[in-house]
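S.K.: Quick one: the structure is below, questions incoming.
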């Protein structure tokens, strides 16, 4: 029965149209990164980048190399949109984007992670089988149908993202509107709507619409009776996010996902009216179905498990950041802090004090005090620099404090721990992070 459902052929119009939109959006994301100065601010201007731990080999290219890198990604996006050498162009973009994602985290965004996953998914899907230059080159590739699982692969991924985004908001500072109020304070300078965004009722609407929309939008889109309502709500929700929060292509990518919730015939009639209708509905079970189902099962188990890992690490994830990334914890809190280091030469006893801001870009200054992994990486870099001079040093965060959601500043890092000697634990709590004040009250 599962075979009949997953491998039943359906009209592939949603996937074909989504490929075109997806290609256009990744082109705009890549080209926009160049022309808005993102590449320069994030990858060229800084003295160094904070890569994901374990990926030290991923470093920005020297000189203007990163401009060429992003220009190449933009070209891949156009080729994906046109369906030209689709596997090569989609695969190349997936690799290049993963490299960018892993080589820096000063501009970390959950949406960047989602795009990395979608790149792999789109590489695997037969998205170039119609209205593509590949079909023009080789007509034997042409298809007007696809297995049903192609659509559900994306639907399930979207459901996981939205559901965890909703559940993550179920905590006091979100429910009492503290987070929404803090977020809107930074928008007070907006023309026309700046003052309106400071109203308590707007904060309540943002907070509770965020919870309910993320939790219910997928079920509402799946139900035919509520689909149009969910579509209109999605347009309003995502356009608001785009205009107020300036989060790049994600709102428009989210709207493109809706293609997979409508009847394929509806999508064909609106977007591809010249495309032949598909009505056969045959079931084509590939010989490798067991392997495919096993791989898909593992993938979704990982996607469901990763956002839960912070429950198995001691401490509040809002404070420690341990388990925050790759967990769809989007726009959940505001944090501010400070940190100063003391460097002690082990042989001479000579002591130096360092304000890390003197070594960092504006974006990096915004994360150094509040992200333990960034603190650890900065200390390891200092340790290596002194080792290159033939000096063995101990490094302490003699001053540190963090405020969460505008609350009181609390001590963050144990000032008596030599951070230069500490290892980084990927799946465990870092013992040198002091307990959150709320945890000890």
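S.K.: Exactly one condition in (1) out of contact with any helix residue (DSSP H, G or I) (no Cβ under 7 Å at 6 or more places or on another chain); (2) over 22 Å from residue 42 (Cβ atoms); (3) modelled with pLDDT under 95 is false for residue 364; which is it?
M.R.: Of the numbered conditions (1) out of contact with any helix residue (DSSP H, G or I) (no Cβ under 7 Å at 6 or more places or on another chain); (2) over 22 Å from residue 42 (Cβ atoms); (3) modelled with pLDDT under 95, the odd one out for residue 364 is (2).
S.K.: Another question about this same structure. Against the condition assigned by TED's automatic domain parsing to the domain that holds residue 155 and more than 24 Å from the chain's Cα centre (by Cα), how does residue 252 come out, does it pass? Before you say what the answer is, go through the steps one by one.
M.R.: On the way: assigned by TED's automatic domain parsing to the domain that holds residue 155: yes; more than 24 Å from the chain's Cα centre (by Cα): no.
The answer is no for residue 252.
S.K.: Turning to a different aspect of this structure: Which of the numbered conditions does residue 296 fail, given that it passes all the others? Conditions: (1) in contact (Cβ under 8 Å) with a residue 60 or more places away in the chain; (2) surrounded by fewer than 12 Cβ atoms within 10 Å (Cβ to Cβ).
M.R.: Failed condition: (2).
S.K.: Take region 396-424 and flag every residue that is part of a loop (DSSP other than H, G, I, E, B) and within 19 Å of residue 342 (Cα to Cα). Reasoning before the result, please.
M.R.: If we filter region 396-424 for residues that are part of a loop (DSSP other than H, G, I, E, B), which is where we start, we get 405-409, 412, 414-418, 422-424.
Across region 396-424, the qualifying residues are 412, 414, 415, 416, 417, 418, 422, 423.
S.K.: Does region 326-382 hold any residues that are in a loop (DSSP other than H, G, I, E, B) and closer than 16 Å to residue 394 by Cβ, and which are they?
M.R.: 346, 347, 348, 349, 350
S.K.: Which of the residues belonging to region 421-441 are in contact with a strand residue (DSSP E or B) (Cβ under 8 Å, 6 or more places away or on another chain) and modelled with pLDDT of 95 or more? Please lay out each step first, then the result.
M.R.: Going residue by residue through region 421-441, those that are in contact with a strand residue (DSSP E or B) (Cβ under 8 Å, 6 or more places away or on another chain) are 421, 432-434, 436-437.
Across region 421-441, the qualifying residues are 421, 432, 433, 434.
S.K.: If you don't mind, there's one more thing I want to ask. Would you call residue 248 closer than 30 Å to residue 179 by Cβ and modelled with pLDDT under 95?
M.R.: Values: closer than 30 Å to residue 179 by Cβ: yes; modelled with pLDDT under 95: yes.
Yes.
S.K.: So the check is Cβ under 8 Å with 6+ separation or different chains; which pairs have a first residue in region 42-63 that's free of Cβ contacts under 8 Å to residues at least 24 places away in the same chain and a second one that's assigned to a loop (DSSP other than H, G, I, E, B) and buried (at least 19 other Cβ atoms within 10 Å of the Cβ)?
M.R.: Filtered contacts from region 42-63: 44/60.
S.K.: Here's something else I'd like to know. Only residues that are buried (at least 19 other Cβ atoms within 10 Å of the Cβ) and within 26 Å of residue 316 (Cβ to Cβ): list them for region 374-394, please.
M.R.: Listed by number, the residues that qualify are 374, 375, 376, 377, 378, 379.
S.K.: Here is a follow-up. Which residues, counting only those in region 42-63, are in a loop (DSSP other than H, G, I, E, B) and buried (at least 16 other Cβ atoms within 10 Å of the Cβ)?
M.R.: Step one: list which residues in region 42-63 are in a loop (DSSP other than H, G, I, E, B), which gives 45-63.
Answer for region 42-63, where residues must be in a loop (DSSP other than H, G, I, E, B) and buried (at least 16 other Cβ atoms within 10 Å of the Cβ): 46, 49, 50, 51, 52, 58, 60.
S.K.: Scan region 225-244 residue by residue and report those that are touching a helix residue (DSSP H, G or I) at 6+ places or on another chain (Cβ under 8 Å) and modelled with pLDDT under 95. Before you say what the answer is, go through the steps one by one.
M.R.: Narrowing region 225-244 to residues touching a helix residue (DSSP H, G or I) at 6+ places or on another chain (Cβ under 8 Å): 226-227, 229-231, 233-235, 237-239, 241-242, 244.
Listed by number, the residues that qualify are 241, 242, 244.
S.K.: Then there's this: Report yes if some residue within region 323-338 is touching a strand residue (DSSP E or B) at 6+ places or on another chain (Cβ under 8 Å), free of Cβ contacts under 8 Å to residues at least 60 places away in the same chain and surrounded by fewer than 16 Cβ atoms within 10 Å (Cβ to Cβ); otherwise report no.
M.R.: no
S.K.: Write out, first by first residue and then by second, each pair whose Cβ atoms fall under 8 Å of each other, whose residues are 6+ apart or on separate chains, and whose first residue, in region 339-358, is assigned by TED's automatic domain parsing to the domain that holds residue 388 while the second is surrounded by fewer than 16 Cβ atoms within 10 Å (Cβ to Cβ) and part of a helix (DSSP H, G or I).
M.R.: The qualifying pairs are 356/365; 357/365.
S.K.: Only one of 106, 165 is surrounded by 18 or more Cβ atoms within 10 Å (Cβ to Cβ), in contact with a helix residue (DSSP H, G or I) (Cβ under 7 Å, 6 or more places away or on another chain), at pLDDT below 95 and closer than 30 Å to residue 407 by Cβ; which? Spell out the reasoning first.
M.R.: Working: 165 fails: at pLDDT below 95.
When all the criteria are applied, what remains is 106.
S.K.: For residue 66, all conditions in the list (1) within 20 Å of the chain's Cα centre (by Cα); (2) in a helix (DSSP H, G or I) hold save one; what is the number of the exception?
M.R.: Only one criterion in (1) within 20 Å of the chain's Cα centre (by Cα); (2) in a helix (DSSP H, G or I) is unmet by residue 66, namely (1).
S.K.: If you don't mind, another one. Being surrounded by 14 or more Cβ atoms within 10 Å (Cβ to Cβ), in contact with a helix residue (DSSP H, G or I) (Cβ under 6 Å, 6 or more places away or on another chain) and farther than 29 Å from residue 303 by Cβ, is that true of even one residue in region 212-224?
M.R.: No, region 212-224 has no match at all.
S.K.: Report yes if some residue within region 243-263 is farther than 24 Å from residue 150 by Cβ, free of Cβ contacts under 8 Å to residues at least 24 places away in the same chain and in a helix (DSSP H, G or I); otherwise report no. Walk me through how you get there before you give the answer.
M.R.: Start the filter on region 243-263 by keeping residues that are farther than 24 Å from residue 150 by Cβ, which leaves 243-248.
Narrowing further to those that are free of Cβ contacts under 8 Å to residues at least 24 places away in the same chain: 243, 246.
The next check asks that each one be in a helix (DSSP H, G or I); those that pass are 243.
Yes: region 243-263 contains one or more residues that are farther than 24 Å from residue 150 by Cβ, free of Cβ contacts under 8 Å to residues at least 24 places away in the same chain and in a helix (DSSP H, G or I).
S.K.: Let me ask something else about it. Quickly run through region 38-63 and pick out the residues that are under 20 Å from residue 362 (Cα atoms) and within 20 Å of the chain's Cα centre (by Cα).
M.R.: Within region 38-63, 38, 39, 41, 42, 43, 49, 50, 51, 52, 59, 60 qualify.
S.K.: What is the one condition in (1) within 21 Å of residue 436 (Cα to Cα); (2) in a helix (DSSP H, G or I) that residue 302 does not satisfy?
M.R.: (1)
S.K.: Then there's this: On the basis of being touching a residue at least 24 places away in the same chain (Cβ under 8 Å), in a helix (DSSP H, G or I) and either more than 25 Å from the chain's Cα centre (by Cα) or buried (at least 16 other Cβ atoms within 10 Å of the Cβ) (or both), does residue 183 make the cut? Working first, answer last.
M.R.: On the way: touching a residue at least 24 places away in the same chain (Cβ under 8 Å): yes; in a helix (DSSP H, G or I): yes; either more than 25 Å from the chain's Cα centre (by Cα) or buried (at least 16 other Cβ atoms within 10 Å of the Cβ) (or both): yes.
Here the answer is yes, as residue 183 does meet what is asked.
The values are calculated or read from the model by the stated rules, or taken from the named source; none is laboratory data. Since we're looking at a predicted model, the values are computed, not measured. All Cβ positions, even for glycine, are placed from backbone atoms using ideal geometry, and neighbour counts span all protein chains on display.
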